[in-house]
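Since the structure comes first, as structure tokens, the remarks are kept for the end.
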């Protein structure tokens with residue numbers, strides 16, 4: 001536990017100073033209160049104590065937290081007691097500290113949503129908004145269950161995307177590594193053998209080109225690596241600017257096939273977040289502001305924010321989404337019908353489910369096509385190297 005230096009006054013007004021150990025500054029204040037001391041200053045010693053707001057917890061652990069808290073509240077256990085039970089049973093150190101802080105804040109009079117706001121890396125704005133609406137509307141248990149379900153769905157979505165792309169990425173890395181090793185370490189061994197053919201001008205063009213590439217890498221490898229690193233660094237700096245991020249987000253949407261998959265995933269995530277927020281009792285304008293960030297794309301977020309402004313002015317949601325040109329026509333049509341029938345939250349969830357199923361089919365087909373293409377590229381690169389090395393030998397054998 002960290003140490004805290006304190007300056008306080010007794011009930012008689014006498015000034016006292018000292019050091020005590022506590023888990024957090026709040027616990028240090030509570031310890032001084034039990035000693036009937038009135039703190040004037042409490043300061044952490046031995047460096048800066050890590051703030052609880054910097055703690056991050058895996059989505060699976062957060063989902064379990066929401067489910068446990070909802071179950072305890074449905075069983076009639078008070079909120080403070082529920083948090084105490086979860087803290088005691090938790091085996092995750094970060095979650096344990098977060099729940100302890102939540103319990104302390106709720107004890108001091110904060111709402112659960114306000115206490116969660118102190119931990120932005122653990123509790124998203126979506127979860128805080130739904131919990132706030134549930135607390136104010138008297139359906140906190142249902143709100144927590146909705147957040148748990150959404151957290152599980154998003155974690156599964158991310159896992160499936162990464163799992164689908166793992167093998168193609170492995171093939172790409174493996175292929176680049178094999179070709180690089182061949183060019184750097186294997187090809188130079190044949191340079192002396194082909195020196196006479198090159199002097200007589202009888203060396204095949206492909207072989208001459210391969211030897212030139214290998215020699216260039218050996219002679220200027222550090223310069224080439226430095227140039228590539230510089231280009232990557234400049235590109236990264238450019239993409240970190242607002243203009244660069246906008247360009248990157250536009251480019252992602254325009255990619256053939258991959259852009260359609262990316263767009264559908266972003267739109268399905270937006271629909272699921274918006275539907276979850278509306279079902280949780282969050283007002284539509286506030287829901288749109290929160291869900292706009294969930295797309296992960298500035299172009300789509302701008303369209304959603306424009307829709308929020310239109311709704312504030314009394315217009316519909318479907319109009320600006322259609323005008324942006326980035327939302328599928330069938331999605332826009334379903335949103336328009338749902339607005340008229342007042343079933344927007346249900347329809348949005350159905351849209352998210354349908355888009356995810358379609359995206360999985362497209363992603364599966366894309367990966368199935370990508371794998372043989374990458375294998376073909378790898379085989380072609382190796383074949384070119386082998387042919388370039390064997391061709392002079394075949395020509396020499398035929399000339400003898």
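The values are calculated or read from the model by the stated rules, or taken from the named source; none is laboratory data. None of these values were measured; they are calculated from a predicted model. With ideal geometry, Cβ positions are generated from the backbone for all residues, glycine too; neighbour counts draw on all protein chains shown.
So the values come out like this:
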read-out: Residues of the stretch 321-346 that turn out to be crowded, with 18+ Cβ neighbours inside 10 Å and touching a residue at least 24 places away in the same chain (Cβ under 8 Å), as a count; value: 5
read-out: Helices (runs of 4 or more DSSP H) contained entirely in the stretch 231-331, each with at least 1 residues that are under 20 Å from residue 359 (Cβ atoms) and at pLDDT 85 or above; value: 242-254, 258-279, 298-312, 318-324
read-out: Only listed residue being surrounded by fewer than 17 Cβ atoms within 10 Å (Cβ to Cβ), assigned by TED's automatic domain parsing to the domain that holds residue 150, over 24 Å from residue 152 (Cα atoms) and modelled with pLDDT under 80, chosen from 108, 36; value: 108
read-out: Residue 140 crowded, with 16+ Cβ neighbours inside 10 Å and in contact (Cβ under 8 Å) with a residue 60 or more places away in the chain; value: yes
read-out: Any hit, the stretch 227-237, residues being surrounded by fewer than 20 Cβ atoms within 10 Å (Cβ to Cβ), over 29 Å from the mean Cα position of the chain (by Cα) and either assigned by TED's automatic domain parsing to the domain that holds residue 303 or closer than 30 Å to residue 313 by Cβ (or both); value: yes
read-out: Hits in the stretch 24-39 - residues which are outside any helix (DSSP H, G or I) and either touching a residue at least 40 places away in the same chain (Cβ under 8 Å) or farther than 11 Å from residue 8 by Cβ (or both); value: 24
read-out: Test: residue 73 is under 30 Å from residue 366 (Cβ atoms), in a helix (DSSP H, G or I), touching a residue at least 12 places away in the same chain (Cβ under 8 Å) and not assigned by TED's automatic domain parsing to the domain that holds residue 279; value: no
read-out: Hits in the stretch 163-197 - residues which are outside any helix (DSSP H, G or I), surrounded by 13 or more Cβ atoms within 10 Å (Cβ to Cβ) and free of Cβ contacts under 8 Å to residues at least 40 places away in the same chain; value: 191
read-out: Residue match in the stretch 353-363 (condition: more than 25 Å from the chain's Cα centre (by Cα), in a helix (DSSP H, G or I) and in contact (Cβ under 8 Å) with a residue 12 or more places away in the chain); value: no
read-out: Hey, residue 251 without any contact (Cβ under 8 Å) to a residue 40 or more places away in the chain and either within 34 Å of the chain's Cα centre (by Cα) or in the same structural domain as residue 380 (by TED's automatic domain parsing) (or both) or not; value: yes
read-out: Which listed residue, of 278, 265, 260, is within 18 Å of the chain's Cα centre (by Cα) and surrounded by fewer than 23 Cβ atoms within 10 Å (Cβ to Cβ); value: 265
